[in-house]
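The values are calculated or read from the model by the stated rules, or taken from the named source; none is laboratory data. Just so it is clear, the structure is predicted and the values come from calculations on it, not from any experiment. So basically every Cβ, Gly included, is an ideal-geometry build from the backbone, and we count neighbours across all protein chains shown. Side chains included, ligands, DNA and RNA excluded: accessible areas come from the protein's heavy atoms. Shrake-Rupley method; radii C 1.70, N 1.55, O 1.52, S 1.80 Å.
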Amino acid sequence: MMIARRTILVLAVAFLGTLVESTYHSRPLVPSNVKVFPTARAEDQAFWYAEAQNEIAQSLARTENNNVAKNVILFLGDGMSVATITAGRIYKGQQLGQSGEEYKLVWEDFPDLAMIKTYDVDRQVPDSASTATAYLCGVKSNYYTTGVDSSVKLEDCMSVTEESKLSSIAVWALEAGKRTGFVTSTRVSHATPSALYAHSASREWECDASLPLGTALRCPDTKDIARQLIEDYPGSDFNVIMGGGYSCLSGDAVETPGDPINLEYGCVRADGRNLFDQWTINQEAKGRRHAAVRTFTDLKAVNASDVDYILGVFANDHVAYEHLKRELNLDMPTLADMTEAAISVLQASDAGYFLLVEGGRIDLAHHDNLANTALDETAAFDDAIRRALSLVNTEETLVIVTSDHSHVATINGYPHRGQDITGFSGIMDDGLPLPTITYTNGPGWIGSYVVDENGNAARRNLTDDDVTSYDYVHSAGALRYSETHGGDDVALFAVGPMSHLFQRTHEQSFIAHAMAYAACIGPNLDHCAQP
Ligand SMILES: *[C@@H]1O[C@H](CO)[C@@H](O)[C@H](O)[C@H]1NC(C)=O
Ligand SMILES: *[C@@H]1O[C@H](CO)[C@@H](O)[C@H](O)[C@H]1NC(C)=O
Ligand SMILES: [Zn+2]
């Protein structure tokens, strides 16, 4: 009896399996409104054999470049997870009409690469300020703090001591007589660049208005991050400062279409200082050749051979998303334009330079579950790196491309080859389409689910949504108004002098030391003493 029952059960399961399999195969995998880009090449046996021979030849031809790095450029794609790189590659290839998967972002041909562990001293999943502290100052620290070691507790201004303040690679470069600067698509006082020049118990203290009440009483020496940039060393000696964040520098910011003032997450100066004008006053007092600009038009009018110091602040808040610059014809430079202008000022010195270029809005788009915008920002980041590579010689310039932390966007489903990465992947077992890029959490949870006729949670039918638009908020599993970062490792790609220092899984803090070693600056001068 027992055996018979079990046999029936086994048969039933086997029958059901066949049924599931047959419905799986008969079901349309791709919703009818999804675009598929054709594959141009014939990917037969001979193709893959030849392809592999090319890769073997490339690997064998790789030589170590043991030159001293005269210049170092660190390209930091904020929140550019490995999934973002993969999807960004497909996106950019598809923009060019290709199927996409075979496309290569320019840094994917760099000879050396490593995996980077991004955890903080106090968190498994980090933020952008603590990670910037790791890869720019060479020391891991606590979540949300910037330019200080782990003795500093979040938002505790009293714990910031002179000993806790870290020197960044910007200081090491300046001390070696090199030019130094940064370019970002975020506010110039935002998390990533802040670790180059500031020391703060919170990355949010970007201007005076965001300092907690009573800070002046408890910690009279505490300065907001924007003031540290303009008033204090090393920011005061940066040759290039470019990005957004005018409202953190001055209270007289004026909103225009495409250039809002961010009251929720930004900061608007309230102490009457105009740090943008102060920068010019400071440069004049030091007798420096300088230019301060607010628009792309003004940036283009600057002849790089006439200036040694340049300040460009192109937006009240973050610099606009690249797609908005195009759609609204904003007078703002692209990340590639800013990178080119920065290099032209920095490379005038025989002593070389350090430059940080942040593609900062990949991260911000992900936080809003704007997957398509995140991919477009990744494509713009690739443009900036291509532009830089056309201007520098990698025999003497170490170029690194990496990210600070991951995000919780996945590429999922079984989309066909060449299927639009911004669209749906296929029909799930609830009979409804799923966007290829979905998030495990974020604001996209809102509107992703409905209550069905049985009172159960069900996914909403997204078929008629405009999923491919830049404004589309992709689905998320759990509600969080700002999607979280991910804790998985990020990738690092390197070319140029000593790029072979990057070859394993590394701690993120190693990056600052490796750059310094390659350039013979800061704490790693030992190998430079050798003939
Ligand atoms: C920039 O200035 C240099 C030297 O003053 C001059 O030779 C060059 O023609 C100028 N370039 C432009 C585009 O005006
Ligand atoms: C989802 O919506 C589309 C378009 O309105 C419709 O054709 C399709 O039948 C719907 N799917 C389900 C499972 O309701
Ligand atoms: Zn972030």
(request) Determine whether Glu102 is of a type in the set (D, E, K, R), assigned by TED's automatic domain parsing to the domain that holds Val171 and assigned to a loop (DSSP other than H, G, I, E, B). (result) yes
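Conditions tested, residue by residue: (1) within 23 Å of Val467 (Cβ to Cβ); (2) away from ligand 1 (no atom under 16 Å from the Cβ); (3) part of a strand (DSSP E or B).
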residue: Asn393; (1), (2), (3): no, yes, no
residue: Thr410; (1), (2), (3): yes, yes, yes
residue: Gly413; (1), (2), (3): yes, yes, no
residue: Arg417; (1), (2), (3): yes, yes, no
residue: Thr422; (1), (2), (3): yes, yes, no
residue: Ser425; (1), (2), (3): yes, yes, yes
residue: Asp429; (1), (2), (3): yes, yes, no
(message) Give me the residue from the stretch 54-70 that is aliphatic (A, V, I, L, M) and under 25 Å from Phe354 (Cβ atoms) and, out of that set, surrounded by the most Cβ atoms within 10 Å (Cβ to Cβ).
(response) Ala69
(request) Output the residue which, of all residues in the stretch 205-239 that are touching an Asp or Glu at 6+ places or on another chain (Cβ under 8 Å) and assigned to a loop (DSSP other than H, G, I, E, B), is surrounded by the fewest Cβ atoms within 10 Å (Cβ to Cβ). (result) Pro212
(request) Out of the residues in the stretch 489-514 that are open to solvent by less than 10 Å² (accessible area, probe 1.4 Å) and β-branched (Val, Ile, Thr), state the one that is nearest to Arg123 (Cα to Cα). (result) Val490
(request) Having 3 or more residues that are under 26 Å from the mean Cα position of the chain (by Cα) and assigned by TED's automatic domain parsing to the domain that holds Ile241 is the bar; report the helices (runs of 4 or more DSSP H) wholly within the stretch 263-377 that clear it. (result) 296-301, 322-328, 335-346, 361-367
(message) Looking only at the stretch 326-355, how many residues end up being of a type in the set (D, E, K, R) and buried (at least 21 other Cβ atoms within 10 Å of the Cβ)?
(response) 1
(request) Mind listing just one residue for me: the one in the stretch 87-122 that is within 15 Å of His407 (Cα to Cα) and open to solvent by less than 60 Å² (accessible area, probe 1.4 Å) and, of those, farthest from ligand 1 (Cβ to nearest atom)? (result) Thr118
(request) List every residue pair whose Cβ atoms lie under 6 Å apart, where the two residues are 6 or more positions apart in sequence or sit on different chains, the first residue falls within the stretch 22-46 and is outside the structural domain of Ser99 (by TED's automatic domain parsing) and open to solvent by less than 90 Å² (accessible area, probe 1.4 Å), and the second residue, located anywhere, is modelled with pLDDT of 70 or more and in a helix (DSSP H, G or I). (result) Phe37/Gln94
(request) Answer with yes or no whether Val125 is in a loop (DSSP other than H, G, I, E, B), buried (at least 16 other Cβ atoms within 10 Å of the Cβ) and touching a helix residue (DSSP H, G or I) at 6+ places or on another chain (Cβ under 9 Å). (result) no
(request) Kindly establish whether Leu432 is in contact (Cβ under 8 Å) with a residue 12 or more places away in the chain and either within 16 Å of ligand 2 (Cβ to nearest atom) or under 30 Å from Ala351 (Cα atoms) (or both). (result) yes
(request) Filter the stretch 108-124 for residues that are under 10 Å from Gln508 (Cβ atoms) and without any contact (Cβ under 8 Å) to a residue 24 or more places away in the chain and give the result. (result) Asp120
(message) Taking the conditions exactly as written (among the hydroxyl-bearing types (Ser, Thr, Tyr), out of contact with any Gly (no Cβ under 6 Å at 6 or more places or on another chain), over 30 Å from His323 (Cα atoms) and in contact (Cβ under 8 Å) with a residue 40 or more places away in the chain), does Thr222 satisfy them or not?
(response) yes
(message) Looking at the stretch 402-422, can you tell me whether even one residue there is farther than 20 Å from Ala83 by Cβ and either open to solvent by 40 Å² or more (accessible area, probe 1.4 Å) or at pLDDT below 95 (or both)?
(response) no
(message) So in the stretch 417-429, with the set limited to residues that are more than 16 Å from ligand 2 (Cβ to nearest atom) and touching a strand residue (DSSP E or B) at 6+ places or on another chain (Cβ under 6 Å), which one is nearest to Thr463 (Cα to Cα)?
(response) Gln419
(message) Taking the criterion of being assigned to a loop (DSSP other than H, G, I, E, B), modelled with pLDDT of 95 or more, within 16 Å of ligand 2 (Cβ to nearest atom) and crowded, with 20+ Cβ neighbours inside 10 Å, would at least one residue in the stretch 447-458 satisfy it?
(response) yes
(request) State which residue is nearest to ligand 1 (Cβ to nearest atom) when the search covers only the stretch 283-308 and only residues that are touching a residue at least 40 places away in the same chain (Cβ under 8 Å) and open to solvent by less than 40 Å² (accessible area, probe 1.4 Å). (result) Ala304
(request) Filter the strands (runs of 3 or more DSSP E) completely within the stretch 474-531 down to those with at least 3 residues that are under 19 Å from the mean Cα position of the chain (by Cα). (result) 490-495
(request) Looking only at the stretch 159-178, count how many residues are of a type in the set (Gly, Ala, Ser) and in a loop (DSSP other than H, G, I, E, B). (result) 5
(request) Name the one entry in Thr440, Thr463 that is away from ligand 2 (no atom under 16 Å from the Cβ), of a type in the set (Ser, Thr, Tyr) and outside the structural domain of Lys117 (by TED's automatic domain parsing). (result) Thr440
(message) If I ask for residues that are surrounded by fewer than 23 Cβ atoms within 10 Å (Cβ to Cβ) and either out of contact with any Leu (no Cβ under 7 Å at 6 or more places or on another chain) or under 25 Å from Ile73 (Cα atoms) (or both), which ones from the stretch 240-252 would you list?
(response) Gly251, Asp252
(request) Collect the residues in the stretch 466-476 that are open to solvent by 60 Å² or more (accessible area, probe 1.4 Å) and more than 15 Å from ligand 2 (Cβ to nearest atom), keeping them in residue-number order. (result) Thr468, Asp471, Val473
